[in-house]
Amino acid sequence: MAQTVRRQWVARAGSWLTEGFRHPRQAVRRPASPEIGRVRIFVVAVALAALVLVAIAISALAADPPTATESLGALALLGSAIVAEAFPVPIEGVSAGKTSLATVFIVGAAVIYDWRLAVLIGFLAMATIELGRRRAPIRVAFNTGDYTVAAAAAGATAAALPGGGLLVRCLTALVTTSAFYLVNIGLLGTLIARFESKPLLRTLTGSLVSTTVPFAIMASLTVILVALWDRSPFLAVALVGPLVSIALYQRRQHGTLDRLRELDRLKDEFIAITSHELRTPLASVYGAAMTLQRQELDPEQRESMLGVIYRESARLARLVDQVLWASRLESGRVTTTIESCDPVELVEEVVEAEQTHMPAGLSLTVAADVPAPRVAADGEKVKQVLTNLIDNAVKYSTEGGGIEVSLQAANDLVRFSVRDDGLGIPLVEQQRIFDKFHRLDPNMTRGVGGTGLGLYICRELVDQMNGRIWVTSREGEGSTFAFELPVAQAQL
Ligand code: ADP
């Protein structure tokens, strides 16, 4: 539970407090210094309260030590709490973040044993994980303090309730979980309210509402744990297995959902970009056609207008082609015919065609190992990939740049490379640019238009020809896109 709101806090407020980290997309408002001071005082107060509680718990345990069985049971609960804290579970529909099931074992300790063991388990579980994750000291202090104080509240509640049969124990577990939850959320809510200078009551209500589902899950699991422990501690420990499986399954599901959401976002972006990309050449073609129709133009001007129509309609056709290819690849409607092809011929054909519309100030040269062995490939698809890579090299090159297409053969493979000395690609982006719709930040590419489909199509086509494609690049110094295909066997 604490984890749920804690993550919310980290996202909203803790960034500067912990590592001075700025969220990549959205800068966190840095509060004024009086707010920082108030937050620090609050964190120190919580941490001190926790240390006092731990000291009292240790001396109480020294005065009246638990039996060997109790110690063993407490160790099992501590181990389970640490594992649960290490692997928080995302709950779909809960916006606050992932939920740690550690609460179940801390509250369980309070109901099954007493507040002393609950306090120690809460303190040790959180401190182990937070220190293990090398969190900033202020965050370790607050999170550990929060769990410890909440565990003490749970212990005190359990002690105040009357003992009885199984039903009473289950009700005790329910009320004790509520006590832990209220203190836990209360401390976190107070921290958020202080940090954001917001009304305390509204912040607390918001935190409670956003964590109702995790609370319900936590409370019912605690009841199950206590009921099972009543029958046999061994049975209750066996609960850890299914819980871990559920947690892992839930994390996988959530990961898949996150990826789908990202794809959906990229698709929306793609639609917006494509509409823009379609509009620009259309407007140019329309404008040029109107000029040709309405005005008396000399032959040179006519030629220039026809040039615009030719270039822009070719750009439109490329765009529509890319969308069609991506859709065909997606639905598995692309067939590849592997034949023995001459790589030099393929490169020459593409380069010759590209040279006809090379922008002024850019050079395109070929450096081939002649004679190169024949490759087992679909010639048309190889030309399509090469064309795409050269088009990209042109798009992302700077004035006066050079593009070199080369061929190398080694170890039964033929490598096709397209090198440019253009903008380059940051290391973190080098894998992702082959993903569907993925484009670099338009600022990084001087606002050059595109759909983010070209390299995806290249990768899929090269995959279908049993090859591989990759990029090596340094930002600001250019890129080399390369793909390798197998050498053709004699029978092809
Ligand atoms: P696009 O239509 O956007 O060019 P691609 O899939 O062909 O789509 O390329 C994906 C992204 O990879 C581009 O948006 C661009 O940011 C980057 N990129 C591709 N080729 C190059 C290159 N030669 N130099 C620099 N960046 C490139």
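Every number here is computed from the coordinates shown, using simple stated rules; none is lab data. Treat the numbers as computed from the prediction; the structure is a model and nothing was measured. Here the Cβ positions follow ideal geometry from the backbone for every residue, glycine too, while neighbour counts run over all protein chains shown.
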So which lysines pass the test for residue 267, namely a Cα distance under 27 Å, with those fewer than 8 places away in the same chain ruled out? 98, 381, 395, 436
Can you give me the angle between helix 137-160 and the longest principal axis of the chain, using Cα atoms only, in degrees from 0 to 90, rounded to the nearest 10? 40 degrees
If the reach is capped at under 18 angstrom between alpha carbons, list the aspartates and glutamates near residue 198, excluding any in the same chain fewer than eight residues apart. 35
The ratio Rg/Rh over the Cα atoms of region 339-491, Rh being the Kirkwood inverse mean 1/r radius, stands at 0.96
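Per the Cauchy relation, a quarter of the hull surface: what is the mean projected area of the convex hull of the alpha carbons in the chain, in nm²?
Details: hull surface 135.8 nm².
Computed as one quarter of the Cα hull surface, the answer is 33.9 nm².
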Round to the nearest 10 and give me the degree value, 0 to 90, for the angle of helix 200-210's Cα axis relative to the longest principal axis of the chain. 70 degrees
If you keep only loop residues by DSSP, which trypsin sites (Lys or Arg not before Pro) in region 288-394 have at most 13 other Cβ atoms within 10 Å of their Cβ? 333
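If I take every Cα pair under 8 Å that is 6 or more residues apart in region 62-166, average their sequence separation and divide by the length, what percent do I get for the relative contact order?
With pairs under 8 Å counted, the relative contact order is 26 percent.
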The chain - percent relative contact order, Cα under 8 Å, separation 6 or more: 12 percent
Mind checking the angle between helix 299-330 and the chain's longest principal axis? C-alpha axes, 0 to 90 degrees, to the nearest 10. 40 degrees
Out of 384, 331, 402 - ranked by how far each Cα lies towards the positive end of the dipole of region 329-402, with unit charges on the beta-carbon of charged residues - the top one is 331
